Amino acid sequence: MAVTQSTPEAMFIDGKWIESSSAKRIPVYDPSTEEILAEIPDATNSEMDTAIAAARRAFDLDGWPQTTAQERGRILFRIAEKLRAEAPQLAELECRNTGKPIVEAEYDIADAATCFEYYGGLATKVSGTVNPVPDNALSLSLKEPVGVAGQIIPWNYPLLMAAWKLAPALAAGCTCVLKPAEQTPLTALKLAGWLPELGVPPGVVNIVTGFGETAGARIVESPRVDKIAFTGSAAVGKLIMKSAADTLKRVTLELGGKSPNIFFADADFEAAIDGALFGVFINQGEVCSAGSRVLVERSIYSKFVEAMTEKARNIKLGAPLDRETKMGPLVSREQYERVCKYQQLGRSEAKVAIGGGQPAAFKRGYYVEPTIFYDVDNSARIAREEIFGPVATVIPFEDEQDALRIANDTPFGLAAAVWSRDIYKALRMVKAIRAGIVWVNHMQPTYVEAPWGGYKQSGFGRELGLHGIDEYLETKQVHINLNEQPI
Ligand code: ADP
């Protein structure tokens with residue numbers, strides 16, 4: 001049934017708000033109060049199929065891929081402008097729904113706008129090549145959109161992840177079926193409501209809500225979807241890859257990490273402490289690239305743990321909308337319970353410098369204490385498994401070789417950081433670390449212009465930058481015979 005107004009109770013399919021036929025509703029919470037903010041549908045298979053059919057039609061029949069790159073670029077610029085104009089309400093909504101501090105939510109919305117702007121500009125720069133074949137022929141490589149993209153995103157950066165997925169896909173000429181995380185669908189739905197007025201034709205972007213095992217799985221198994229772009233856990237990434245194999249879809253996966261943040265004794269000490277804290281505690285540690293393994297050279301180890309602990313005491317937990325708040329609650333009860341279990345495990349596997357439990361000050365909300373475990377062995381579960389919460393594991397190392405051995409001793413390979421004033425040493429580490437992103441004397445800076453993605457079990461494919469659009473393009477070889485007479 002089509003409904004007229006944009007309400008979170010409905011899904012955005014084929015340019016319209018559609019109420020789900022299923023009576024089942026998924027509650028969406030404010031994690032700081034545990035109150036319900038909205039209820040969203042768990043799309044049925046047939047509703048998901050309707051969304052996929054709309055995207056298919058928009059791609060195959062309605063001419064979205066044939067719109068000029070300039071036209072698509074302008075639409076993306078308009079989306080960027082709209083996000084900027086609506087930033088205050090979007091940031092507040094994101095903040096309420098995820099529990100992240102308002103100041104961080106504001107950055108996210110600004111970054112989402114920048115992402116649309118970047119790909120708006122890039123739309124007109126996609127071009128093919130001429131191949132130097134040894135014949136009287138013209139050989140071309142043309143770039144064409146891959147088709148219908150199924151996009152499945154997590155709850156830690158809801159609107160930003162939607163932007164990372166939608167912007168390059170639309171620039172390339174793909175159409176999209178995007179499923180937000182069931183915990184945090186509100187900002188993506190807000191964006192959906194503006195798309196018609198910004199010039200996005202019906203069916204080009206469909207935003208469909210539901211659980212992963214139902215709505216998400218349906219996108220992945222559909223033979224009418226050409227590509228899956230997924231950001232989420234490694235466990236679900238593996239399921240997606242298996243399921244996508246049946247229809248040989250193109251798949252890009254941005255999965256978890258256990259990223260090493262490596263501190264040599266010659267690093268700027270104050271900057272290092274800030275980098276260690278920021279790396280693991282930003283966004284409550286709910287970050288795929290969190291520097292959750294803090295590797296510290298033995299000669300500064302005790303001093304480092306002490307200083308990190310002292311500064312961590314000043315991290316102000318509080319209401320997400322309070323501008324003084326530095327850390328909010330975790331996103332959901334499920335995540336809270338998961339992190340609490342790891343805190344408990346950590347108490348048996350290592351020593352506690354600070355935290356390790358739940359703050360007494362909060363009667364409600366999924367708050368956990370910023371936690372630093374030290375004297376952690378890299379083989380401990382808290383050093384090997386992604387916790388996705390504000391839990392640092394500090395591990396001492398003896399020298400460069402030892403640091404490298406520990407850094408690479410993980411199934412993951414998303415990010416790493418190296419802190420040192422010795423440029424030779426830092427660059428040797430950069431070359432030898434097996435990760436898709438390596439920062440030097442910095443932690444977590446992320447730019448839409450630079451590629452993002454992992455090695456090893458952190459997934460494959462790259463988002464952002466020039467690489468980001470490539471993942472939504474196919475290459476077609478064209479051979480043009482230039483001999484007028486038969487050869
Ligand atoms: P987390 O455990 O942190 O919630 P997930 O990897 O489970 O991370 O979720 C990331 C996204 O993947 C969410 O949108 C979720 O609904 C979706 N998802 C979960 N399970 C599946 C699945 N089996 N198939 C497709 N999508 C899924």
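The values are calculated or read from the model by the stated rules, or taken from the named source; none is laboratory data. From a predicted model like this one, the values you see are computed outputs, not experimental measurements. When we count neighbours, we look across all protein chains shown, and the Cβ atoms used for this are built from the backbone with ideal geometry, even at glycine. Quick note on the areas: whole protein, heavy atoms, side chains included, nothing else; ligands and nucleic acids left out. Shrake-Rupley method; radii C 1.70, N 1.55, O 1.52, S 1.80 Å.
Since only Ile480, Asn131, Ser243 are under comparison, the one whose Cα sits farthest along the positive direction of the charge dipole of the chain, derived from C-beta charges on Lys, Arg, Asp and Glu, is Ser243. Each listed q (0.20 Å⁻¹) maps to a log10 I(q)/I(0) for the stretch 237-327, found by the Debye formula over equal Cα scatterers with no solvent: -0.94. Backbone geometry of the stretch 23-28 corresponds, through the Karplus equation with coefficients 6.51, -1.76 and 1.60 at θ = phi - 60°, to 3J(HN,Hα) couplings of 6, 6, 10, 9, x, 10 Hz, x marking Gly and Pro.
Each of Thr68, Gly193, Gly355 was placed along the dipole of the chain (beta-carbon charges, centred on the mean Cα), and the one lying farthest toward the positive end is Gly355.
Normalised by the number of residues in the stretch 270-358, the average gap of Cα pairs under 8 Å and 6 or more apart makes the relative contact order 24 percent.
Along the charge dipole of the chain, Cβ charges K/R +1 and D/E -1, which of Ile152, Ala54, Ala169 sits furthest on the positive end? Comparing the listed Cα positions along the dipole, Ile152 ranks first. Pair-distance distribution P(r) for the stretch 26-99, from all Cα-Cα distances in 10 Å bins starting at 0: 16, 23, 32, 25, 4 percent.
Counting DSSP beta bridges with both partners in the stretch 341-487, what percentage is antiparallel, nearest 5? Write out the running numbers ahead of the final one.
Values: 6 of 13 bridges.
Taking every DSSP beta bridge within the stretch 341-487, about 45 percent pair in antiparallel fashion.
For the stretch 331-481, the fraction of 1.4 Å probe accessible surface lying on carbon and sulfur atoms is 50 percent.
Neighbours of Ser299 by Cβ distance under 15 Å: Lys/Arg scored +1, Asp/Glu scored -1, total -4.
Once you reduce the stretch 268-314 and the stretch 405-420 to the center of their Cα atoms, the two points are 15 Å from each other. Taking the Kirkwood radius as Rh and the Cα radius of gyration as Rg, the stretch 41-199 has a ratio of Rg/Rh equal to 1.05. For the stretch 357-369, the Karplus equation 6.51 cos²θ - 1.76 cosθ + 1.60, evaluated at θ = phi - 60°, returns couplings of x, 10, x, 6, 5, 10, 7, 10, x, 8, 7, 10, 6 Hz by residue, with Gly and Pro reported as x. Taking each of Lys227/Lys476; Lys100/Lys316; Lys24/Lys242; Lys303/Lys425; Lys326/Lys351 in turn, the alpha-carbon distance tops 19 angstrom for Lys24/Lys242; Lys303/Lys425; Lys326/Lys351. Of the peptides 434-443, 336-345, the order by per-residue mean of other Cβ atoms within 10 Å, starting with the highest, comes out as 434-443, 336-345.
For the stretch 23-168, the Cβ-based charge dipole about the Cα centre amounts to some 500 debye (Lys, Arg positive; Asp, Glu negative; other atoms uncharged).
Within 10 Å, count the other beta carbons around each residue, average over each peptide in 239-249, 260-270, and list them highest first. Working shown, then result.
Details: 239-249: 15.7, 260-270: 21.2.
Final packing ranking: 260-270, 239-249.
Applying a 10 Å radius around every beta-carbon, put 148-155, 404-411, 455-462, 312-319 in order of their mean neighbour count, most first. Working shown, then result.
Numbers: 148-155: 26.6, 404-411: 18.6, 455-462: 21.4, 312-319: 15.5.
Top of the packing list down: 148-155, 455-462, 404-411, 312-319.
Using only alpha-carbon positions in the chain, the gyration tensor eigenvalues give semi-axes of 39, 29, 19 Å once each is multiplied by 5 and square-rooted (largest first). About its Cα centre, the chain has a charge dipole of approximately 420 debye under the convention of +1 per Lys or Arg Cβ and -1 per Asp or Glu Cβ, with nothing else charged. Against the main long axis of the alpha-carbon atoms of the chain, helix 102-122 sits at an angle near 30°.
Expressed as a whole percent, how much of the Cα-Cα distance distribution for the stretch 361-448 exceeds 16 Å? The share of Cα pairs beyond 16 Å in the stretch 361-448 comes to 62 percent. Taking the Cα centre of the stretch 358-485 as origin and assigning +1 to Lys and Arg Cβ atoms and -1 to Asp and Glu Cβ atoms, the resulting dipole is close to 240 debye.
Ignoring ligands, DNA and RNA, what percent of the 1.4 Å accessible area of the stretch 132-206 is carbon and sulfur? Walk me through the numbers on the way to the answer.
Values: 1010 of 1750 Å².
Within the stretch 132-206, the accessible surface is 58 percent carbon and sulfur.
Sequence-distant contacts, meaning Cα pairs under 8 Å at least 6 residues apart, place the relative contact order of the chain at 18 percent. Taking every DSSP bridge with both residues inside the chain, close to 45 percent are antiparallel.
Pairs of Cα atoms under 8 Å, at least six residues apart: use those to get the relative contact order of the stretch 86-242, whole percent.
Numbers: 224 pairs, mean separation 36.8, N = 157.
Worked out over the stretch 86-242, it gives 23 percent.
Distant-in-sequence amide contacts of Arg462, defined by a placed amide H-H separation under 5 Å and a gap of 5 or more residues or a different chain, comprise nothing. Rolling a 1.4 angstrom probe over the protein heavy atoms with all chains in place gives the stretch 370-487 an accessible area of 48 Å² per residue.
With all protein chains present and a 1.4 Å probe, how do Thr44, Thr393 order by accessible area, largest first? Write down the numbers at each step before the final one.
Numbers: Thr44 40, Thr393 0 Å².
Largest accessible area first, the residues go Thr44, Thr393.
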